[in-house]
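I have placed the structure first, in the form of structure tokens, so that the comments after it can refer back to it.
The values are calculated or read from the model by the stated rules, or taken from the named source; none is laboratory data. Since the structure is predicted, the reported quantities are computational estimates derived from the model, not experimental observations. Reconstructed Cβ throughout: ideal geometry from the backbone, glycine too, with neighbour counts over all protein chains shown. These area figures cover heavy atoms from the full protein model, side chains too; ligands, DNA and RNA do not enter into them. Shrake-Rupley method; radii C 1.70, N 1.55, O 1.52, S 1.80 Å.
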Amino acid sequence: MMRRCTGNHRKVYCILGICVAAFLGISGCSEEQNRQQEAEGAEENLWDDEITIMHVDADDANFRAYIDEVQERLQMKINILPYPVNADSRHAKVSFLLAGGDSSVDIFAVNDEMINAFKNEGYLEPLQGDVMDVETIQAFEQEYLRESVMVGDQVYSAPYVLDVLALWVNEEWLKEAGLTQIKTEEDFYQFLSYDWGEGRYAYGGAWEKTYVYNELGEFINLFGGDYYDWGNEKTREAVKFFKECVEYGYTPKEQMIDQHEQMNQKFIDGKYGMVCMYSGSIKTYVSAGMYGMDKIHMTLLPDLGGNNVTYIGTWQYALNKASENKEAAKRFISYAVSEEGNRLYAEMVNTIPARSDLLTEDLDITGYEELRDFLKSVDVQARPIPSNSMEYLETVGELFQKYILGELDLDCYCEKMQELVDKNINS
């Protein structure tokens, strides 16, 4: 005889059914979570090689896209760390990590000031031979390599971006002054002496003590002077020009606290009509909606009776000697400075490639044609930067500021500069 279920039995069965369903559901979820975790783990460990780069463009979305592309091409995991914004803090950060033998960063993006300090300290892995072979070295400006990234036959960094010091002008200001260009000395001084009114200056500079050496050396060249000879009359003329700019109101002496970022912002805001600035700032002008032949643009250097010479610099990749991933790091640098890799970076990040052979090709870069025309009109030169770069540049700036403020007369200033150059560069 079949027994009928009582109410109590039905409750027990219902509870058991719920427990079984719950168990199966939990088991299913657990299995699904495990599959997801395994998939994520497989993705994270997809490539054997992994490196970490500290990079000046870390926060740039285009640079991040470039790194994503390079990861796929090289089958390599690339971690990116940012730098401090301030140049002094950036230099100090790298110096601290390298001097301490820290291996957490494999590759540092460095500029001329940084490499001139670090290449003599034994902190960096030489790159000649396997990364910078003979053919690759020939693709870069030779004098610049010797002056900036080499010690004897040793190559300590690989350039990937070219920066050219150029003259920039606001076209609206040019028209206001009744000019179509700043080509001659007469054009130059007509622009400088025009009455721009309250709070507007013909020329703006970055005269903070670690930055002013850029413009100082540039105008010494334009006046036909010699940075290594401070008794040269043309060198002295260039120095006198800077003081006259302040005395005649062509430029404000308050800019002695300004670095490039502050100078560029004032230029964009319409406080300056003309600045001396590196080509890499074109991205800043584009982002502000101020770049163009009818707005802010590059102009050829005026003929001031001197030399048509301008400074160049680069950003470079340097390999930490303490790196535990040297082979992978070298593989990345080799690709980054190859013809393919350097073109990829230039076009994706919108910068000028460091390889000279690429400058003869058609590249999709904002302002590229303008820069090529500028380069055809000048000779290029590496900046004179000794191994104690930041200490030296700071002293150059301090002496310059004392001269501008009247604490040193022309003769005393030039004497002290000659002593400084002789001790650090001419010796």
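Structure data summary
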quantity: Descending principal axes extents, segment 179-256, alpha-carbon based, whole Å; calculated: 38, 28, 18
quantity: Asp60, Asp88, Asp409, ranked by accessible area, largest first (probe 1.4 Å); calculated: Asp409, Asp88, Asp60
quantity: Residue-level accessible surface for Ser377, protein heavy atoms, 1.4 Å, Å²; calculated: 40
quantity: Mean Cα-pair separation over length for the chain, i.e. relative contact order, pairs under 8 Å, 6 or more apart, %; calculated: 24
quantity: Within segment 275-357, GluC sites (Glu not before Pro) in DSSP loop having at most 11 other beta-carbon neighbours inside 10 Å; calculated: Glu324
quantity: Kirkwood Rh, angstrom, segment 109-252 [1 / mean 1/r, Cα pairs]; calculated: 18.3
quantity: Karplus-derived 3J(HN,Hα), 6.51/-1.76/1.60, for each residue of segment 149-159, Hz, glycine and proline x; calculated: 10, 10, 10, x, 8, 8, 9, 10, 7, 10, x
quantity: Radius 12 Å from Cβ of Gly217, net charge of other residues (Lys, Arg +1; Asp, Glu -1); calculated: -2
quantity: Amide proton proximity set for Thr52, modelled H, under 5 Å, gap of 5+; calculated: Asn79, Asp106, Ile107
quantity: Interchain or long-range residues, amide H under 5 Å from Val161's placed H; calculated: Trp315, Ala354
quantity: Ranked by how many other beta carbons lie within 10 Å on average, peptides 168-181, 309-322 from highest; calculated: 309-322, 168-181
quantity: Interchain or long-range residues, amide H under 5 Å from Leu124's placed H; calculated: Lys321
quantity: Rg/Rh for segment 378-427, where both radii come from Cα atoms and Rh is the Kirkwood radius; calculated: 1.03
quantity: Heavy-atom accessible surface of segment 190-274: percent carbon and sulfur, 1.4 Å; calculated: 44
quantity: Protection proxy ranking, peptides 328-338, 264-274, average beta carbon neighbours within 10 Å, highest first; calculated: 328-338, 264-274
quantity: Heavy-atom accessible surface of segment 290-365: percent carbon and sulfur, 1.4 Å; calculated: 46
quantity: Sorted largest first, extent of segment 125-180 alpha carbons per principal axis (Å); calculated: 55, 18, 17
quantity: Read-out Kirkwood radius over Cα pairs in Å, derived from the coordinates shown; its label in (i) 25.3; (ii) 22.5; (iii) 24.4; calculated: (iii)
quantity: Per residue value of the accessible surface for the chain (all protein chains in place, 1.4 Å probe), Å²; calculated: 47
quantity: From phi via Karplus (6.51, -1.76, 1.60), per-residue ³J(HN,Hα) for segment 121-128 in Hz, x at Gly/Pro; calculated: 9, x, 8, 10, 7, x, 10, 5
quantity: Value of relative contact order over segment 262-397, rounded to a whole percent, pairs C-alpha under 8 Å and six or more apart; calculated: 26
quantity: Calculated from backbone phi, Karplus (6.51, -1.76, 1.60) coupling profile of segment 360-371 in Hz, x at Gly/Pro; calculated: 9, 9, 7, 10, 8, 9, 4, x, 5, 5, 4, 5
